[in-house]
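S.K.: Sharing a structure below in structure tokens format, with a few things to ask.
Nothing in this text is a laboratory measurement; each read-out follows from the coordinates by a stated rule. Treat the numbers as computed from the prediction; the structure is a model and nothing was measured. Every residue, glycine among them, receives a Cβ derived from its backbone with ideal geometry; neighbour counts consider all protein chains shown.
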Amino acid sequence: MTDTDANTPRRKSSLLELDARTRKRNAAETRFKVYGLIAVGIGLAFLLALMVAIISNGTRAFTQTFITVEMTLTAEEIEAAEASVLKTGKYKEMVGTAIETALGRAGIDTDMDQKTLLLMLSSSAGADLRDYVLANPEMLDQPLTFDFLASSRVDGYLKGRVTRESLSEDKNLDAAHLDLVDQMRDAGIVERRFNWRFITGADASESRPEAAGMGLSMIGSLFMMLVVLACALPIGVAASIYLEEFAPKNRFTDLIEVNISNLAAVPSIVFGILGLAVFIQVAHLPQSAPLVGGLTLTLMTLPTIVISTRASLKAVPPSIRDAALGVGASKMQATFHHVLPLAMPGILTGTIIGLAQALGETAPLLLIGMVGFIATNAPETLADGFLAPNSAMPAQIYEWAKRADPAYYERAWGGIIILLVFLLAMNFVAILLRRRFERRW
Amino acid sequence: MKDTTVTERAVQMDDIKISARGVQVYYGDNHAIKDVNVDIADKTVTAFIGPSGCGKSTFLRCLNRMNDTIDVCRVEGDILLDGEDIYDRRVDPVQLRAKVGMVFQKPNPFPKSIYDNVAYGPRIHGLARNKADLDEIVEKALRRGAIWDEVKDRLHAPGTGLSGGQQQRLCIARAVATEPEVLLMDEPCSALDPIATAQVEELIDELRTRYSVVIVTHSMQQAARVSQRTAFFHLGNLVEYGDTDQIFTNPEDSRTEAYISGRIG
């Protein structure tokens, strides 16, 4: 510094006043904060809209309209019905008679014949009654109260989806039915209440949405997740440990690294067609089986698990490895005794996030035939669970959403609620595990 | 030059424990250690001093082959431990590191209990036949680490919960638990306060009765206090090696003199 510099008088400025530069800088910071708030706000608004839409549309799927009638079935009646050619037809007649009796008892007059009355019920009513009787023969010859599913039109009327005008074109139900339903509701015969069958039941045919449920597809998803967990976790973790701790750093491992990162971004339908080609066409595994679905989803989940596992292995401080090697541990001992336990929370979180991703994946399942009206009965053995054709939750939702009947549309929303509950539960478990294992001291 | 009086111990220090001949170390294209010849005596504290980046830590890590974990690192020349070449193809670095223990710059206890920290080495090397044996080894190691009295009531408390100085002494206890013959210390006190440093230095002097100790340090005072022999490294060269007293009072090389008088570094 020269003397002239030292002698120039200093410009006076007060700390109490902001100069122009500072004001500008502060304004920029405020603007940035506002942008951030707007971005977060938009995100939250979308989330809120989504939640409102899902809940308002989906909760209706969990209730269903039931027609409750009292009836007494005699052993002779059942025997005769079982001997006939059209067994459920005979049961249907019994249901019709029971409804007529119930209407009479409630003092409701109607000029409809039995067949027309039965249109108010689900077409599965006869089969439901037969299943019940065969399963509970001890209930014969004594009065029993039976809840029949109402047809989806009646259910829709109670939920406000079906009106008298909309029925004018309907060939099954007409306005007279709805008048009758009003009367029956007042008499307590028709009632809308929580429907467990939606959660536990199987899918149903196009014509009776009231009987359809998510239960079997949940089982399908469960078995798929078991396959994914059993395959993807060990393979993914072993691969990451090798790549991160043991593999020499050269062009070949660089190539593998780049490819794993790229695999995570490959569209899932590509994995679907790979699964179709490899597991079904080459390995001749059964179509539509949760085993194949699980293997296909394993391909998809592996990159996620490998990436998150490597990240958490990288995050373990190198001083821990040095410490272990310094006391004479082999590389493998250092990895398994010290590094892996510290990386565990990250690995588990990554695995669960990967599983949750796989649980919600639909596209690959379309290609291996896990979509459609597939399973009607729960798998009887463990092997069946893996090998018998089944669907999965997201595939079931997709299937319902593409069916014509608006009653199925409602069930698709309901199915999404169930799926989201599972996903939230898995994320919750991931958070819990991370809290539990993170830095044990 | 001695700042604190450390009890002089009568220890015979003629045996050569480690002998390095023509050691060259390369990190990729960087020639980090240039033709170093050094003989490290048994039951002696040998200090490596020198400015940052002079290669003293690198050379230390050659002595138990910790550099093997760095892919680009290449070591040439001979390093003999008791006359055996530690870079011989037949030598397993794991076995070598059991003989040549190491203490690092930053205290790095495992996130486990104090007991498990010390017991880990003996466990993986199968030094204990049963629990009582192991307990004994752990106690002995903690006593040698001069930390037994402080932790004997909380052996199962986490090692990471100790203070920095205690953690470092725990790491020393962990290193001696495997009964090494040489103890390498890479700036063991650089993360410690003066009191903890004094404790560790006291401990290093005690360790000399059983082990050959090699310590890398930035502090010339520390080198003067704890070591009997000092090696001065500069830009990858071993400039001067001799008795500590002689190095600090009457250095032969002008660079050594410049460094210890504070003109370079």
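S.K.: What is the distance in Å between the Cα centroid of the stretch A:275-351 and that of the stretch B:199-232?
M.R.: Centre-to-centre (Cα) distance: 44 Å.
S.K.: Here is a follow-up. What FRET efficiency comes out for A:Ser84 versus A:His284 if R0 is 56 angstrom and r is the Cβ-Cβ distance? Round to the nearest 0.05.
M.R.: Details: r = 43 Å, r/R0 = 0.76.
After rounding to 0.05, the efficiency reads 0.85.
S.K.: Moving to a separate point now. Treating the angle as unsigned and between 0 and 90°, give the value, to the nearest 10°, between the Cα long axis of helix A:175-186 and the longest Cα principal axis of chain A.
M.R.: Between the helix axis and the principal axis of chain A, the angle is about 80 degrees.
S.K.: Would you calculate a helix-derived [θ] at 222 nm for the protein assembly as shown, using -39,500 (n - 2.57) for each DSSP H run of n ≥ 4 and dividing by the full residue count, to the nearest 500?
M.R.: -16000 deg cm²/dmol
S.K.: Measure off 7 Å from each Cα along the Cα-to-Cβ vector at A:Leu420 and A:Thr101, then give the distance between these two points in nanometres to one decimal.
M.R.: With each label point 7 Å from Cα toward Cβ, the separation is 4.5 nm.
S.K.: Output ³J(HN,Hα) for the stretch A:329-337: one whole-Hz value per residue in order, computed from phi by the Karplus curve 6.51 cos²θ - 1.76 cosθ + 1.60 with θ = phi - 60°, and x for Gly and Pro.
M.R.: Listing the rounded values in order: 7, 6, 4, 5, 5, 4, 5, 7, 7 Hz.
S.K.: Kindly list the residues of the stretch A:408-439 that lie in the label zone of A:Thr200, defined by a backbone N under 19 Å from the point 7 Å along the Cα-to-C-beta vector.
M.R.: A:415, A:418-419, by backbone N distance to the label point.
S.K.: Please list the helices of chain B that count as membrane-span-like by this rule: a mean Kyte-Doolittle hydropathy of at least 0.0 together with Cα atoms stretching 15 Å or more along the helix axis, each helix being a complete DSSP H run.
M.R.: Helix filter hits for chain B: B:194-207.
S.K.: Measure up A:Lys90/A:Lys115; B:Lys43/B:Lys99; A:Lys249/A:Lys331; A:Lys314/B:Lys112 against 18 Å on the Cα-Cα distance and list the ones that go over.
M.R.: Pairs exceeding the cut-off: A:Lys314/B:Lys112.
S.K.: Kindly put B:Cys54, B:Cys171, B:Cys73 in sequence by how many other C-beta atoms sit within 10 Å of each C-beta, fewest to most.
M.R.: Lowest count first: B:Cys73, B:Cys54, B:Cys171.
S.K.: Build a GNM of chain A with springs between Cα atoms under 10 Å: which of A:Glu29, A:Glu399, A:Glu100 gets the top mean-square fluctuation?
M.R.: A:Glu29
S.K.: Give the peptides B:192-203, B:59-70 in descending order of average Cβ contacts within 10 Å, highest first.
M.R.: B:59-70, B:192-203
S.K.: Between A:Leu274 and A:Ala28, what is the label-point separation in nm under the 7 Å Cα-to-beta-carbon projection?
M.R.: 4.6
S.K.: Here's something else I'd like to know. Ranked highest first by average number of other Cβ atoms within 10 Å, how do A:363-369, B:29-35 line up?
M.R.: Per-residue Cβ counts within 10 Å, averaged per peptide and sorted highest first, yield A:363-369, B:29-35.
S.K.: Taking beta carbons within 10 Å but only from partner chains, what does the mean come to for residues B:102-111?
M.R.: Taking the mean over all residues of the peptide, I get 5.
S.K.: Going by how many other Cβ atoms sit within 10 Å of their own, how do B:Met220, A:Met120 line up, fewest first?
M.R.: So the ranking, lowest neighbour count to highest, is B:Met220, A:Met120.
S.K.: Tally the DSSP beta bridges in the protein assembly as shown and give the antiparallel ones as a percent, rounded to 5.
M.R.: 70
S.K.: Just counting partner chain Cβ atoms within 10 Å, what average do the residues of peptide A:317-325 show around their Cβ?
M.R.: The per-residue average across the peptide is 6.
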